[in-house]
1. Looking only at helices (runs of 4 or more DSSP H) that fall completely inside segment 1-85, which ones have 2 or more residues that are modelled with pLDDT of 90 or more?
2. Identify the residue in segment 63-101 that is hydrophobic (A, V, I, L, M, F, W, C) and in contact (Cβ under 8 Å) with a residue 40 or more places away in the chain and, among all such residues, is farthest from residue 38 (Cα to Cα).
3. With 40, 30, 49, 76 as the choices, which residue is out of contact with any helix residue (DSSP H, G or I) (no Cβ under 7 Å at 6 or more places or on another chain), farther than 24 Å from residue 148 by Cβ and basic (Lys, Arg)?
4. With respect to residue 155, is the statement that it is surrounded by fewer than 16 Cβ atoms within 10 Å (Cβ to Cβ), among the polar types (S, T, N, Q) and modelled with pLDDT of 90 or more true?
5. For the subset of segment 79-108 comprising residues that are within 16 Å of the chain's Cα centre (by Cα) and under 17 Å from residue 125 (Cβ atoms), which member is surrounded by the fewest Cβ atoms within 10 Å (Cβ to Cβ)?
6. Give me a count of the residues in segment 1-41 that are among the small types (Gly, Ala, Ser) and either over 16 Å from residue 156 (Cα atoms) or without any contact (Cβ under 8 Å) to a residue 24 or more places away in the chain (or both).
7. Does residue 91 satisfy being in contact with a Phe, Trp or Tyr (Cβ under 9 Å, 6 or more places away or on another chain), of a type in the set (S, T, N, Q), within 30 Å of residue 144 (Cα to Cα) and assigned to a helix (DSSP H, G or I)?
8. If you scan segment 94-133, which residues turn out to be of a type in the set (S, T, N, Q) and either at pLDDT 90 or above or assigned to a helix (DSSP H, G or I) (or both)?
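The values are calculated or read from the model by the stated rules, or taken from the named source; none is laboratory data. A quick note: this is a predicted structure, and the numbers were derived from the prediction, not measured. Heads up, the Cβs are rebuilt from the backbone with ideal geometry, glycines too, and the neighbour counts pull from every protein chain shown.
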Amino acid sequence: MEPLIVVLVLVLLVVVPLGWGVATYNGFVRLRNLVQEAWRQIDVELQRRHDLIPNLVETVKGYAAHERAVFDEVTRARALASGPASGPAEQAAHENVLTQAIGRLFAVAEAYPQLRASENFQQLQSELSRTEDQLAFARQYYNDAVATLNRTMVTIPWSMLVGMSGVEKGEFYDAPEASTAPPEVRF
């Protein structure tokens, strides 16, 4: 009977903690992957937004060719936002610059009734608004995934293994106030 007790004690002392460690590590990796997948969804929506900008600029250019400074500003802001960023905070800052430039482009459009009535302009404006809505949802999903990861990393007993897992805390995508909603346009 004694060897059976020794085996059971060994199982409890070795196998159970090892199993718990593996399960915890896999949980951290799963949460990290969830955060990365959520960030990729933000990338998809940002790319859609960036792809709409040149069409919008060209449409407005057809009616307001003398507003060169605004077009150049939007083009520069789009290039900045489309480029690589070191993380969510830098990407949010670039997107804020782009949102402000788009707002100025829409302000220019307000002075041109024919442009506002243009079906192409209305379609682009609608698509941009829809993209902004999807982007807001993707941001929330990403931030929820980051919150879950970060919360798990500081909760006992998981916090005891977080250092060994190599998983780092996620960075929230804190979109500045100006970019949390689509640019406001009043006609």
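1. Numbers: elements: 2-10, 16-63, 68-82.
Ranges flagged: 16-63, 68-82.
2. From segment 63-101, those hydrophobic (A, V, I, L, M, F, W, C) are 64-65, 69-71, 74, 77, 79-81, 85, 89, 92-93, 97-98, 101; that's our starting set.
Going one step further and asking which of them are in contact (Cβ under 8 Å) with a residue 40 or more places away in the chain, we end up with 64, 89, 92-93, 98.
On the way: 64: 39, 89: 15, 92: 15, 93: 19, 98: 22 Å.
Only one residue fits best here, namely 64.
3. Working: 40 fails: farther than 24 Å from residue 148 by Cβ; 30 fails: farther than 24 Å from residue 148 by Cβ; 49 fails: out of contact with any helix residue (DSSP H, G or I) (no Cβ under 7 Å at 6 or more places or on another chain).
Just a single option satisfies the conditions, and that option is 76.
4. Judged against the criteria, residue 155 is not a match.
5. Ranking the qualifying residues of segment 79-108, first place goes to 99.
6. Restricting attention to segment 1-41, the residues satisfying the condition of being among the small types (Gly, Ala, Ser) are 19, 21, 23, 27, 38.
Next, only the ones that are either over 16 Å from residue 156 (Cα atoms) or without any contact (Cβ under 8 Å) to a residue 24 or more places away in the chain (or both) stay: 19, 23, 38.
The total comes to 3.
7. yes
8. In the first step, residues of segment 94-133 are kept if they are of a type in the set (S, T, N, Q); the result is 96, 99-100, 114, 118, 120, 122-123, 125-126, 129, 131.
Across segment 94-133, the qualifying residues are 96, 99, 100, 114, 120, 122, 123, 125, 126, 129, 131.
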